[in-house]
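Visitor: Submitted below is the structure of interest, expressed as structure tokens.
The values are calculated or read from the model by the stated rules, or taken from the named source; none is laboratory data. Please read all numbers here as calculations on a predicted model, not as lab measurements. Areas reflect the complete protein model, heavy atoms only, side chains present, ligands, DNA and RNA absent. Shrake-Rupley method; radii C 1.70, N 1.55, O 1.52, S 1.80 Å.
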Amino acid sequence: VVILSCLGSFGIVSLMGIKQTLISAEVVPFLVLAIGVDNMFFITGARDRVSNEFNAEKEQGKDVSRYTNEEQIGMALGEVGPSITTAAIGEFLSFLVGYLTDIPALQSFCLCASFAVLINYFLQMTLFVAFISLDDKRINARRYDLFPCFTNTNQNAGQHYEGKKCLQNFALRYYDF
């Protein structure tokens, strides 16, 4: 997603006839990486919370078969999508304001960064979400992540991990959250 965002923004800026500086090629990928990874953590965290809620309801005997993986991902996006959208629009507009300066190198950087942020947002909301959906189907089919041609015979392999992770337990034990 990050590479496609950078390539797309460099392509758009080049099509506009604006020369790019070396600083744009060095800094924009890291900027998009920082923004992109943050949003991907939000999306996957929301997806895990929704999945844990459905697994808890399933254990209580409630009928949750009416909710498909795609609907659960939609619920997760409904939870975090507005904040990601607002942040992406704000970042896009702030870099466009930076384009109004009289410094050519800064103009090139700001324009390239604004398009990279915008493309990154659209790829996260489409491509990354599609990959999450495919990964959920792989998990439900009890397939291994590195070798999806093999199935896992473990009974708990078809559901998301529901317990606390080691780092979460450590933070909860030693820090007052």
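Visitor: Any idea what angle helix 129-140 forms with the longest principal axis of the chain, computed on alpha-carbon atoms, 0 to 90 degrees, nearest 10?
Guide: Result, in degrees: 20.
Visitor: Let me ask another. What angle, in degrees between 0 and 90 and rounded to the nearest 10, separates the Cα long axis of helix 22-59 from the longest principal axis of the Cα atoms of the chain?
Guide: Approximately 20 degrees, to the nearest 10.
Visitor: Stretched out fully, how many nm does the piece from residue 153 to residue 97 gain, at 0.36 nm a residue minus the Cα gap? Write down the numbers at each step before the final one.
Guide: Details: separation 56, 0.36 × 56 = 20.16 nm, distance 5.54 nm.
My answer for the length gained is 14.6 nm.
Visitor: Something else now. Rounded to the nearest 10 degrees, what's the angle between the helix 2-15 long axis and the longest principal axis of the chain, both from Cα atoms, 0 to 90?
Guide: For 2-15 against the chain, the angle is about 30 degrees.
Visitor: Right, next: Need one value: the accessible area of residue 151 in square angstrom, 1.4 angstrom probe, rounded to the nearest 10.
Guide: 80
Visitor: On a 1.4 Å probe surface of the protein chains, which of 75, 16 comes out largest in accessible area, and what is the full order? Please list the in-between numbers first.
Guide: Details: 75 80, 16 105 Å².
Result of the area sort, largest leading: 16, 75.
Visitor: Can you sort 47, 143, 173, 138 by solvent-accessible area, 1.4 Å probe, largest first?
Guide: Listed by decreasing accessible area, they come as 173, 143, 138, 47.
Visitor: Now, a different point. Counting each DSSP H run of 4 or more residues in the chain as -39500 (n - 2.57), what helix-only mean residue ellipticity at 222 nm follows after dividing by all residues, to the nearest 500 deg cm²/dmol? Before the final figure, lay out each step's value.
Guide: Numbers: 6 runs with 123 residues, N = 177.
Helix contribution divided over all residues of the chain: -24000 deg cm²/dmol.
Visitor: I would also like to ask the following. Cross-chain or 8 or more residues apart, Cα under 25 Å: how many lysine pairs in the chain fit that? Count them up, please. Write down the numbers at each step before the final one.
Guide: On the way: 58/137; 58/164; 58/165; 62/137; 62/164; 137/164; 137/165.
Close lysine pairs found across the chain: 7.
Visitor: On to the next question. Please list, in chain and number order, the residues 5+ apart from residue 143 or on another chain whose amide H is under 5 Å from its amide H, with Hs placed from the backbone.
Guide: Those qualifying (amide H under 5 Å, at least 5 residues apart or on another chain) are 152.
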